[in-house]
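The values are calculated or read from the model by the stated rules, or taken from the named source; none is laboratory data. Here the structure is a predicted model, which means the values were calculated and not measured. We place every Cβ from the backbone using ideal geometry, glycine too, and count neighbours over all the protein chains shown.
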Amino acid sequence: MKTLHHHTIIYDQECPLCNAYTGYFVKTGMLDDKGRVPFGEDTKKLFPTVDWERAKTEIALVNTTNGKTYYGIDSLITIIGQRFPKLIAIIRFDFIRFLVQKLYFLISYNRKVIAPGKVFEENHSCAPPVNFTYRWIYIMLAWVITSFVLLAYSFLLFPLVPSSELGREFLICGGQIIFQGAIVFTLRKDRLIHYLGNLMTVSLIGALMLTPMLLVGKLYHEPILFLLYFMMVVAWMFVSHWRRVKVLGIPFIVSITWVLYRLLVLLVILKLI
């Protein structure tokens, strides 16, 4: 097991994702016990050569011997490549590196809506600047994945709930973005793009939570069971949505309208209105 000595990674301590994977590097010995420090004013004084604006988006790894700094995927490759040298050879292919770089930016620019901290972070913190291109790509991906999962899950609920079609699920998920977006635009226009990212993260996680039951449905079909599980997932989604709205400083009414939209959709599906 090789440890990368004399290197320090500067992580965002308010980011659960950053905390998790940099902590893993230390715990598994990829970095030594003092191999990570949090982003902050004290750290800036220790490493004056770091591009701190860039480090908000691309995590910085500093060679404490010569001061050389790596950013983003180069930081991760330097650490992981010490343990798995074949990885470096794979990443050297331009196409692979391009894909990994884009995936890294997709996660990094959206990390505050994927796993938000306890408070909303302004630009002076380690929060990355808003990149509308990557934010909308993330929103669209979450929209597509959620729609496909809900389509598959709808067949498990039949005949309690009419089975669906892809167009209907796309319309429901897209309608949620428009419906909730219009309300947040009225209440807190400055938080709209942040809210939409969080909204779709809740939907995406909810869809992923439903996925194991799709496997169960291959072996066992009991609509009541799948409906009860679906309701449990929706309950968790409501709590998560409420917590995220609270962090964003948006009125609680937005969580109420989130529920209202789903009730209206359900009534339409059941042809009660």
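Across segment 197-237, what is the total count of residues that are closer than 16 Å to residue 161 by Cα and β-branched (Val, Ile, Thr)?
Residues meeting the conditions: 2.
For residues in segment 147-190 being within 20 Å of residue 257 (Cβ to Cβ) and of a type in the set (Val, Ile, Thr), which is nearest to the chain's Cα centre (by Cα)?
Restricting to residues being within 20 Å of residue 257 (Cβ to Cβ) and of a type in the set (Val, Ile, Thr), the top hit is 177.
Check 113, 144 and return the single one that is crowded, with 20+ Cβ neighbours inside 10 Å, among the hydrophobic types (A, V, I, L, M, F, W, C) and either within 25 Å of residue 72 (Cα to Cα) or more than 13 Å from the chain's Cα centre (by Cα) (or both). Can you show your working first?
Numbers: 144 fails: crowded, with 20+ Cβ neighbours inside 10 Å.
After applying the criteria, what remains is 113.
Looking at 2, 34, which one is modelled with pLDDT under 90, more than 20 Å from residue 113 (Cβ to Cβ) and touching a Lys or Arg at 6+ places or on another chain (Cβ under 7 Å)?
Checking each option against the conditions leaves just 2.
Restricting attention to segment 116-141, which residues are more than 15 Å from the chain's Cα centre (by Cα) and of a type in the set (Val, Ile, Thr)?
The answer is 119, 133.
Assess whether residue 132 counts as being within 15 Å of residue 250 (Cβ to Cβ) and modelled with pLDDT of 95 or more.
Answer is no for this residue.
Could you please find all residues in segment 75-95 being over 14 Å from residue 31 (Cα atoms) and either in contact (Cβ under 8 Å) with a residue 12 or more places away in the chain or among the hydrophobic types (A, V, I, L, M, F, W, C) (or both)? Break it down stepwise before answering.
Taking segment 75-95 and keeping what is over 14 Å from residue 31 (Cα atoms), we get 85-95.
If the condition is that a residue be over 14 Å from residue 31 (Cα atoms) and either in contact (Cβ under 8 Å) with a residue 12 or more places away in the chain or among the hydrophobic types (A, V, I, L, M, F, W, C) (or both), then 87, 88, 89, 90, 91, 93, 95 are the ones that fit.
So, of the residues in segment 214-227 that are hydrophobic (A, V, I, L, M, F, W, C) and surrounded by 11 or more Cβ atoms within 10 Å (Cβ to Cβ), which turns out to be farthest from residue 151 (Cα to Cα)? Walk me through it before giving the result.
From segment 214-227, those hydrophobic (A, V, I, L, M, F, W, C) are 214-216, 219, 224-227; that's our starting set.
Among the residues that remain, those that are also surrounded by 11 or more Cβ atoms within 10 Å (Cβ to Cβ) are: 214, 216, 225-227.
Working: 214: 11, 216: 16, 225: 17, 226: 14, 227: 14 Å.
Here the residue is 225.
Looking only at segment 124-161, count how many residues are outside any helix (DSSP H, G or I), under 22 Å from residue 110 (Cβ atoms) and not aliphatic (A, V, I, L, M).
First, pick out the residues of segment 124-161 that are outside any helix (DSSP H, G or I): 124-131, 158-161.
Now drop any that are not under 22 Å from residue 110 (Cβ atoms), which leaves 124-131.
Filter once more, keeping what is not aliphatic (A, V, I, L, M): 124-126, 128-129, 131.
The qualifying residues number 6.
One line per residue, one yes/no per condition, for (1) of a type in the set (Asp, Glu); (2) in the same structural domain as residue 150 (by TED's automatic domain parsing); (3) buried (at least 18 other Cβ atoms within 10 Å of the Cβ):
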residue: 165; (1), (2), (3): yes, yes, no
residue: 192; (1), (2), (3): no, yes, yes
residue: 231; (1), (2), (3): no, yes, no
residue: 235; (1), (2), (3): no, yes, no
residue: 238; (1), (2), (3): no, yes, no
residue: 249; (1), (2), (3): no, yes, no
residue: 260; (1), (2), (3): no, yes, no
